[in-house]
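Just so it is clear, none of the values below were taken in a lab; they were calculated from the coordinates. Computed from a prediction, not measured in an experiment: that's the story for all the values here. We place every Cβ from the backbone using ideal geometry, glycine too, and count neighbours over all the protein chains shown.
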Amino acid sequence: MLLLLLLAHTLSSVNQNSVQGRILDSRAPADSCDDTNCRRLFDIIWGCLTTLFACTWVSVHPNVPPPNQSAFALLWRRLKMMLIAIIAPELMVGFAARQLWAARRFLKEFEKHGVSITLTHGFFISMGGFVSRSGHPVTTIKELTRPEYLSGIQHIEVEEIRDKSKGDALSKGVALIQGLWFITQCLARVHQRLAVTELEVATLAFAVVNIFIWSLWWAKPLDVQHQISVGPATEMQHGGPTIPHLSQWDRLFGALKGDYSPYVPIAATSVPAFWSMCWEEAYPHDFHLPFLIEILMGAIFGAIHCTAWNASFTSSLEIWMWRTSSLLVAAIPAVLGVFFAIYALSATGPIERIIDPISGAIIMMAIVLYPVARLFLIVIAFTTLQALPQSAFVDVAWSIYIPHL
């Protein structure tokens, strides 16, 4: 939070001194860039893409996939989550926060029954890692508190779960350091009044948001591909449930708020991509807080793009497209939060027939506008690279921060 305040203060200070619509462009005579303090366009793009890769591919921790998936299916599944993380990274923040809340809830439930597990166990439960002998995910508290499952999960060592993870504290730490280093570079450029490109601003937004994702998912195993069977060798047959079918709206609402109401774990072989725990069990226990975190991070993500309000663009059309898209990205998460609340509160009552169509229409409009605005920001971040101000190619003079005589 202190880093965010410092970033906002520094950028706002520079914006007050910007001249003729160009941000951070006061230190850059044409001959100020030489071989010792110069960077190329390739360096700018490579640094941004490397950080973007760390912020999406490495930081995304998918749930355990269905059994017997091919290598291509696993890769495609991860690429889809990566695409979602690029278009709406705050969804990943909300997803990570819900799973952290769920993992802590599972720990408390186990403690009530005298069983001690780790936070990693809690994450493994919420990501569909434990299944019954018949191959169905064990994710509900009602199932987990059965003695045979309590005992089975307790005897699974945390090292066995971590052994299935494709990442450890070192690999996650390297990705986190990459993001922090990029943020430090941007702050140093702002402090030295050097131009920060729109691509760097967009990447900075990803880096800041993903620090929260890494923090929330630190104890969650990465890219686990196989489940662990627990419970008795022969199980009582559960009659009645059928294979759940989730509509596109169910999947979208589940990704936004974690509510997969039609989903029945005992009738499936894996959990949905954005699953954390059963909504009926989670809702009474402050499960709305992760949704508020998701809204807040969405607003912060858009606000960082707004810091390039007076940046150097190649045309007036790009200026207004960037400004409009930045405002939409910053405002839509809050609008969605308000109207989701209105939609939920108006589920009963005499004004239901009036409120429901209005709030539903606004929610759908926001869901359509948001990805369009995000795509505009991504495209403009690259098109502006064709005409950068001279100071964009001047490298940071790190020596001024080193005490010397």
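Here the gap between L83 and I367, fully extended at 0.36 nm per residue and compared with their Cα-Cα distance, gives a gain of 100.7 nm. Label sites at I177 and A273, each approximated as a point 7 angstrom past Cα along Cα to Cβ, lie 3.2 nm apart. Considering only the other residues whose Cβ falls under 12 Å of the Cβ of I44, what net charge follows from Lys and Arg at +1 and Asp and Glu at -1? Taking every other residue near I44 into account, the sum is -1.
Once the piece of chain linking L327 and A397 is laid out straight, how much longer is it, given 0.36 nm per residue of separation minus the C-alpha distance between them? Walk me through the intermediate numbers first.
Working: separation 70, 0.36 × 70 = 25.20 nm, distance 3.30 nm.
Stretched fully, the L327-A397 segment lengthens by 21.9 nm.
State the Cα centre-to-centre distance between the stretch 152-202 and the stretch 356-395 in whole Å. Distance between centres, Cα-based: 24 Å. Full extension of the segment from T383 to I141, taken as 0.36 nm per residue of separation minus the current Cα-Cα distance, would add 82.0 nm. Amide hydrogen proximity for S229: with H placed 1.01 Å from N in the peptide plane, the residues at 5 or more positions away or on another chain lying under 5 Å are V131. Each residue of the stretch 56-61 was assigned a 3J(HN,Hα) from its phi angle through the Karplus curve 6.51 cos²θ - 1.76 cosθ + 1.60 (θ = phi - 60°); the sequence is 10, 5, 7, 7, 6, 10 Hz, with glycine and proline shown as x.
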